[in-house]
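Encoded as structure tokens, the structure appears first; notes follow it.
Bear in mind that the values in this text are calculations on the coordinates, not laboratory data. No experiment lies behind these values; they were computed from the predicted model shown. As a convention, Cβ positions derive from the backbone with ideal geometry for all residues, glycine included, and neighbour counts pool all protein chains shown.
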Amino acid sequence: MSSDKDSCESNVTSSTRVAYVYNEQYTKLCDQMPKIPLRASMTHSLIAAYGLLPHLQVISPEAASKEDLKLFHSEDFIDCLRRLSDLDDEEKYDDDAESYGLMYDCPAYPGVYDYASAVVGGSIAAAIHLTEGHSQVAVNWAGGWHHAKRSEASGFCYFNDIVIAILILRQKFDRVLYVDLDLHHGDGVEDAFCSTQKVMTVSFHKVASGFFPGTGLIEDIGIGRGRNYTVNVPLKDGLTDEVFLDIFSSVINRVHGAFKPQAVVCQCGADALHGDPHAAFNLTEKAFVRSVEYLREWDFPLLLLGGGGYNFANTARCWASITGSLLHKELPTDIPEHRFFSDFGPGYELTIEPGNQRDLNSEKYIEEIRERIFGDLENVEVEEDGNPR
Ligand SMILES: O=C(/C=C/c1ccccc1NC(=O)c1ccccc1Oc1ccccc1)NO
Ligand SMILES: [Zn+2]
């Protein structure tokens, strides 16, 4: 029985409610990630400054247990990260560190285990919220670490919260679709599910010689039973909102028709935005907002995660815009006064200017990859009851 609160609250049902992973300690932990200092707080503060919190169902996460982490990661890798995390910086790395990727891009800084297991706990809480039917959409902007492998940290990713969240969704949903919007190929998630028909991974990313991680070529379509259930959309520098949304909508439309997903996970890595130090694509927040709106129209349980994004103000702009769109709230263009207001200069506006780099994605190139992917998807046929034809 709804109380006499204003009407917009009373007709919030599980199908319109948006779950939002947050608590103060969680955000403070995520702020400590050396590559993205304070980004978690900047994102949360902007969402709060736009008055969105009262319309969200805030879910407070607990750190993932070792059992949770073992759903995907090897025990020796987990133990190594735990051990190195407890050392202070002066201690020398043990020689295992390198074999587990815990050097260079993924230093095992003090407390990294607490950060990485907290983030997995956030994505687990969001996934469970969806399997229990409490809401149709759940968001963990601190998650999305798509490069982490079973026994190896990679590309600033320690534990793969996405793979573990998908495994939890699979406990209830027979077919789960994973969509990766990050500038980089979602290799860790693709590797985890490349040989199964139960999870289709679709990654849109930059491919160029020497660009990390170097995988995600159009001819990589999965192996064994999973053949044709991996989709890679390799793109070039200068990508615009229009070209992206055109290839995104046509590919996702075919994926939907062929794979008939019952739940969707979307990684919204914001390093594909104009203004990111990777300086690759010309995208604005509109590419992300419209992509998520497209996925939302199917009205399947939808889990949204963050990921890359190293222009922190633009990343906050993008994820706040998506959050507002999920709530059908038009956010005023002027950034509201809040703790990080000064980071949003010189324009202090929510919208991101499109980049003007030359678009190397010719129409011919886009048509070639679209036709190739459509052809591969012709081989995907699932029965409504989930068995392959
Ligand atoms: O964002 C990523 C991975 C990025 C990455 C992985 C391995 C090696 C290099 C990487 N990228 C960079 O270092 C990189 C390249 C250009 C501009 C900013 C970059 O990141 C940062 C991020 C924060 C601080 C310094 C550098 N995956 O989604
Ligand atoms: Zn990235």
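Taking the numbered list (1) touching a Leu at 6+ places or on another chain (Cβ under 8 Å); (2) farther than 18 Å from Arg372 by Cβ in turn, Gly224 passes all entries but (1).
For the range 315-348, give me each residue that is within 16 Å of ligand 1 (Cβ to nearest atom) and more than 26 Å from Val120 (Cβ to Cβ).
We begin by selecting, within the range 315-348, every residue within 16 Å of ligand 1 (Cβ to nearest atom); these are 315-316, 318-319, 343.
If the condition is that a residue be within 16 Å of ligand 1 (Cβ to nearest atom) and more than 26 Å from Val120 (Cβ to Cβ), then Asp343 is the only one that fits.
With the structure loaded, tell me whether Val231 is within 16 Å of ligand 1 (Cβ to nearest atom), crowded, with 22+ Cβ neighbours inside 10 Å and not in a loop (DSSP other than H, G, I, E, B) or whether it fails that test. Can you show your working first?
On the way: within 16 Å of ligand 1 (Cβ to nearest atom): no; crowded, with 22+ Cβ neighbours inside 10 Å: yes; not in a loop (DSSP other than H, G, I, E, B): yes.
Taking the combined requirement at face value, the residue does not satisfy it.
In the range 159-190, what count of residues is obtained for those that are of a type in the set (D, E, K, R), within 16 Å of ligand 2 (Cβ to nearest atom) and within 25 Å of Glu381 (Cα to Cα)? Qualifying residue count, the range 159-190: 3. Does Phe204 meet the test of being under 24 Å from Ala316 (Cβ atoms), within 13 Å of ligand 1 (Cβ to nearest atom) and surrounded by fewer than 21 Cβ atoms within 10 Å (Cβ to Cβ)? In short, no. In the set Ile352, Ile369, only one residue is surrounded by 19 or more Cβ atoms within 10 Å (Cβ to Cβ) and either touching a residue at least 60 places away in the same chain (Cβ under 8 Å) or not in a loop (DSSP other than H, G, I, E, B) (or both); that residue is Ile352. On inspection, Phe244 does not qualify as surrounded by fewer than 24 Cβ atoms within 10 Å (Cβ to Cβ) and among the aromatic types (Phe, Trp, Tyr).
Condition first: within 14 Å of ligand 2 (Cβ to nearest atom) and either farther than 23 Å from Cys106 by Cβ or touching a Ser or Thr at 6+ places or on another chain (Cβ under 9 Å) (or both). Can you find one or more residues in the range 242-258 that meet it? Spell out how you get there, then give the answer.
Let us first name the residues in the range 242-258 that are within 14 Å of ligand 2 (Cβ to nearest atom), namely none.
Checked the range 242-258: no residue is within 14 Å of ligand 2 (Cβ to nearest atom) and either farther than 23 Å from Cys106 by Cβ or touching a Ser or Thr at 6+ places or on another chain (Cβ under 9 Å) (or both).
Count of the range 254-279 residues, restricted to those that are within 10 Å of ligand 1 (Cβ to nearest atom), touching an Asp or Glu at 6+ places or on another chain (Cβ under 8 Å) and aliphatic (A, V, I, L, M), is 2. Restricting the search to helices (runs of 4 or more DSSP H) fully inside the range 23-74 and requiring at least 1 residues that are within 18 Å of the chain's Cα centre (by Cα) and surrounded by fewer than 18 Cβ atoms within 10 Å (Cβ to Cβ) gives 24-31.
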